[in-house]
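> Structure below; questions to follow.
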Amino acid sequence: MRPFDWFDLLTVGGLGMVFVGLWWLMPAAALIVVGVVVFLAGVRGEAGNRRAR
């Protein structure tokens, strides 16, 4: 086991916030999903641009 650090807490806390948003705040969940899709599309487009050059 590696020693506990604060980033573990941030990771778990971030996941917890996402799940709270999903289950209790459906508009927020929709915003999270749209944000993730847009982010992935941007990453994929950026990779495509880099490959084309």
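> So if we plug the beta-carbon distance of PHE7 and ARG51 into 1/(1 + (r/R0)^6) with R0 = 35 Å, what FRET efficiency do we get, rounded to 0.05?
My answer for the efficiency is 0.65.
> With the dipole of the chain worked out from charges on the C-beta (+1 for Lys and Arg, -1 for Asp and Glu) around the Cα centre, which of GLY21, GLY45, THR11 lies farthest toward the positive end?
My answer, from the dipole projection, is GLY45.
> Just from its helices, what would the mean residue ellipticity at 222 nm be for the chain, if runs of 4 or more DSSP H residues each count -39500 (n - 2.57) and the sum is divided by every residue, rounded to the nearest 500 deg cm²/dmol?
-30500 deg cm²/dmol
> Only one of the values [x] 1.00; [y] 0.96; [z] 1.19 was calculated from this structure for Rg/Rh (Cα atoms, Kirkwood Rh); name its label.
Of the labelled values, this structure produces [z].
> Could you check the spin-label model distance between LEU15 and VAL38? Points 7 Å from the Cα along Cα→Cβ, value in nm.
Placing both labels 7 Å along Cα→Cβ, they lie 2.6 nm apart.
> Specify the angular offset, from 0 to 90 degrees and rounded to the nearest 10, of the alpha carbon long axis of helix 26-52 from the longest principal axis of the alpha carbons in the chain.
Helix 26-52 and the main axis of the chain meet at about 40 degrees.
Every number here is computed from the coordinates shown, using simple stated rules; none is lab data. Keep in mind that this is a model prediction, so the values were computed, not measured. A quick note on method: Cβ atoms are made from the backbone with ideal geometry, for glycine too, and the neighbour counts reach across all protein chains shown.
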